[in-house]
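Data first, discussion second: the structure below is written as structure tokens.
The values are calculated or read from the model by the stated rules, or taken from the named source; none is laboratory data. Note that this is a predicted model, so its numbers are computed, not measured. Counting neighbours? That spans all protein chains shown, and the Cβs are built from the backbone with ideal geometry, glycine included.
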């Protein structure tokens, strides 16, 4: 598995409705945060989920591993750092780490394995291959 991109960072803030009765972010919301960071990251590389879907290719999550370290509360600001690497012939791995600001306290580590389907069959979309190749060459 080769890491091919540097960290990309997205800053966010916990909204009131994302916390549960304990006053901390509900665990399911972390998946939303991570997904948003992945989408923004790929958009910054000109990989657009909607355009891919229109052309018959869907990017999907096939595995998610999350290790929770500290809770977030309403109003907390945080950053998500994302690294992308290739995993085999048709999968990619997003290494994501969430840190509470301003002290950069580690909140969560995640490994999200993704794949693509073209008309229902596994593939590596050309747009992602192009981006991965360009990023690898730039290193």
Original post:
Quick one: residue 18 ticks every box in (1) loosely packed, with under 14 Cβ neighbours inside 10 Å; (2) in contact with a helix residue (DSSP H, G or I) (Cβ under 8 Å, 6 or more places away or on another chain); (3) more than 29 Å from residue 118 (Cβ to Cβ) bar one, so which box is it?
Top reply: (1)
Original post:
How many residues are touching a residue at least 24 places away in the same chain (Cβ under 8 Å), out of contact with any helix residue (DSSP H, G or I) (no Cβ under 9 Å at 6 or more places or on another chain) and closer than 22 Å to residue 119 by Cβ if we restrict to region 51-86?
Top reply: 3
Subject >> Within region 86-139, strands (runs of 3 or more DSSP E) holding 3 or more residues that are within 26 Å of residue 33 (Cβ to Cβ), modelled with pLDDT of 90 or more and touching a strand residue (DSSP E or B) at 6+ places or on another chain (Cβ under 6 Å) >> reply: 91-100, 105-118
